[in-house]
């Protein structure tokens with residue numbers, strides 16, 4: 001089983017906040033903002049890049065074949081416009097080079 005972790009892009013501060021997050025009394029707790037439209041929350045995929053960095057939705061990955069964005073589609077974390085799974089995305093040389101919030 002993979003750990004369930006989240007991060008939230010804080011637009012007004014131009015930075016990520018990392019945390020576990022919980023739902024308490026029907027409201028999200030654990031991040032500084034509850035506006036998910038302005039400050040989106042992304043989930044940890046359970047995968048690490050070649051440097052041991054955690055890979056989240058919205059990350060930009062680079063490997064020997066090029067670059068691609070991680071997203072969640074139809075119940076799976078996928079990479080790029082062709083929707084291959086993270087596991088299929090060219091082996092052990094994948095590296096996080098940024099995310100869609102810091103590098104639009």
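Provide 44, 72 in ascending order of the number of other Cβ atoms located within 10 Å of each residue's Cβ, fewest first.
Numbers: 44 19, 72 13.
Ascending number of Cβ neighbours within 10 Å: 72, 44.
Quote to one decimal, in nm, the extra length available between residue 5 and residue 64 on full extension: 0.36 nm per residue of separation minus the C-alpha distance between them.
Numbers: separation 59, 0.36 × 59 = 21.24 nm, distance 2.79 nm.
Taking 0.36 nm per residue and subtracting the Cα distance, the gain is 18.5 nm.
Read-outs: derived from the displayed coordinates by stated rules, not from any lab. The model shown is predicted, which means the values in this text are computed figures rather than measured ones. So basically every Cβ, Gly included, is an ideal-geometry build from the backbone, and we count neighbours across all protein chains shown.
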